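Everything below concerns the one structure shown next.
The values are calculated or read from the model by the stated rules, or taken from the named source; none is laboratory data. All values derive from a computational prediction rather than experimental measurement. Positions of Cβ are backbone-derived with ideal geometry, glycine not excepted, and every protein chain shown enters the neighbour counts.
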Amino acid sequence: MPDAAAHPIRLAIVGIGKIARDQHVPAIDKDPRFALVATADPHGSLPNVPSYPDLGAMRAALPDLDAVAICTPPAYRAAIAAEAIEAGLAVLLEKPTAATLAEAEAIVAQAAAAGTTLMTTWHSREAAAVAEARAWVAGRRVDRVAITWKEDIRRWHPGQEWILAENGFGVFDPGINALSILTAILPDPVTVETAHVQIPEGRAAPIAATLAMVSGGTAISADFDFLQTGPQSWDMRIDTDRGTLVLSDGGASIAIDGEAPRKADNIEYPAIYARFAALIAAGTSEVDLAPLRLVEDALRVATRETVAAFAF
Ligand code: NAP
């Protein structure tokens with residue numbers, strides 16, 4: 001067995017913003033299979049970690065890099081991923097993979113042709129109760145799913161103007177987390193039937209959305225809101241022929257048939273990095289674009305309503 005601590009995977013983060021600092025850096029620091037050797041970001045940097053303005057400058061300075069985690073806003077992902085794969089690097093992509101399905105598919109095809117490791121991550125799928133929910137749903141007839149994903153954009157995304165711009169995903173930025181759990185739990189593919197989105201005047205991306213979806217005959221509703229003050233909701237209720245399961249706290253809590261919710265620690269990002277290390281060791285990839293496809297389908301069929309202008 002190679003000694004992971006003696007020969008860790010030399011990893012860099014591209015895009016050192018909120019999620020990189022809050023989750024990626026702590027997870028990487030605790031995992032002896034990785035060494036965080038650099039960051040690339042036009043402005044941001046970490047203390048005591050070499051920083052470069054972009055991937056090109058970083059690669060020129062560090063030719064022995066093994067892997068990159070791309071944590072920029074989605075609009076910039078495709079070009080960065082293409083450059084990384086071209087350079088033979090293993091690539092971890094934050095959700096939502098890329099700005100569009102076509103971009104994501106091009107990244108997947110390029111990595112497959114090059115034989116490099118690619119991981120399209122969906123961190124909410126790693127939430128503590130998701131695996132139990134998937135196992136509970138298996139073998140039951142799902143009659144109805146209701147998703148309520150309502151959070152305060154000003155609290156969780158302060159000043160992130162990109163999120164309401166073209167290719168920023170708007171309320172689908174958190175909403176796609178719910179869709180990633182949904183598509184991981186249900187046995188049949190999910191399709192969008194109808195959608196309605198509210199877009200603030202002067203912005204390009206929705207601040208609220210409702211979706212009607214279907215999966216193997218099961219009706220699924222989703223209610224996404226980015227202006228939720230007070231209690232925040234990241235809930236999914238699943239009614240079946242043999243009971244009801246409620247996932248809450250974004251998949252960290254589970255309650256079955258009205259029992260008190262059970263909540264476990266957040267291990268989403270350590271789990272992601274453990275799998276990324278395993279994929280690199282095996283020379284394989286893990287790719288799933290289903291959540292991104294649902295968002296694109298929803299935006300394609302959606303009726304649009306212009307609502308009051310929004311300022312952070
Ligand atoms: P953020 O705080 O705005 O950070 C993004 C960082 O990427 C910024 O430092 C930005 O620099 C930098 N950047 C922009 N263009 C770049 C480029 N071409 N090359 C290198 N760096 C570049 O956003 P975030 O909240 O971390 O979100 C980033 C991604 O992670 C999004 O796709 C989001 O969906 C996902 N995510 C976020 C959360 C969360 O809770 N925030 C959770 C899970 C996943 P400038 O600011 O100078 O433009």
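Taking the numbered list (1) closer than 14 Å to G88 by Cα; (2) within 22 Å of the chain's Cα centre (by Cα); (3) in a loop (DSSP other than H, G, I, E, B) in turn, G44 passes all entries but (1). Considered as a group, the residues in region 76-109 that are more than 14 Å from the ligand (Cβ to nearest atom) and assigned to a loop (DSSP other than H, G, I, E, B) include one that is farthest from L55 (Cα to Cα), and that residue is G88. Exactly one residue out of P189, P206 is under 19 Å from the mean Cα position of the chain (by Cα) and surrounded by fewer than 16 Cβ atoms within 10 Å (Cβ to Cβ), and it is P189.
Here's the yes/no breakdown for (1) in a strand (DSSP E or B); (2) aliphatic (A, V, I, L, M); (3) under 24 Å from E132 (Cβ atoms):
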| residue | (1), (2), (3) |
| --- | --- |
| A222 | yes, yes, yes |
| T229 | no, no, no |
| D239 | yes, no, yes |
| T244 | yes, no, yes |
| L247 | yes, yes, yes |
| A260 | no, yes, yes |
| N266 | no, no, yes |
| R275 | no, no, yes |
| T284 | no, no, no |
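Only a single item in (1) in a loop (DSSP other than H, G, I, E, B); (2) within 26 Å of A6 (Cβ to Cβ) is not met by V68, and it is number (1).
Applying a threshold of 6 Å to beta carbon distances and a minimum spacing of six or more residues, or different chains, the list of pairs starting in region 14-28 at a residue that is touching a residue at least 40 places away in the same chain (Cβ under 8 Å) and more than 23 Å from I85 (Cβ to Cβ) and ending at one that is within 11 Å of the ligand (Cβ to nearest atom) and not charged (D, E, K, R) reads Q23/Y269. List pairs: first in region 55-75 and of a type in the set (D, E, K, R), second not in a loop (DSSP other than H, G, I, E, B), Cβ under 7 Å, 6+ apart or cross-chain? Partner pairs satisfying both residue conditions: D64/R10; D66/I9; D66/R10; D66/L11; D66/A90.
Put simply, of D235, D257, D239 the only residue that is within 19 Å of the chain's Cα centre (by Cα) and modelled with pLDDT of 95 or more is D235. Only one of the numbered conditions (1) touching a residue at least 40 places away in the same chain (Cβ under 8 Å); (2) part of a loop (DSSP other than H, G, I, E, B); (3) more than 12 Å from the ligand (Cβ to nearest atom) is violated by G159, and that is (3). If the condition is being within 19 Å of V197 (Cα to Cα) and touching a Ser or Thr at 6+ places or on another chain (Cβ under 6 Å), then region 215-250 contributes D223, S233.
Is it true that T194 is assigned to a strand (DSSP E or B), surrounded by fewer than 15 Cβ atoms within 10 Å (Cβ to Cβ) and not aliphatic (A, V, I, L, M)? Considered against the rule, which asks whether it is assigned to a strand (DSSP E or B), surrounded by fewer than 15 Cβ atoms within 10 Å (Cβ to Cβ) and not aliphatic (A, V, I, L, M), T194 comes out as yes.
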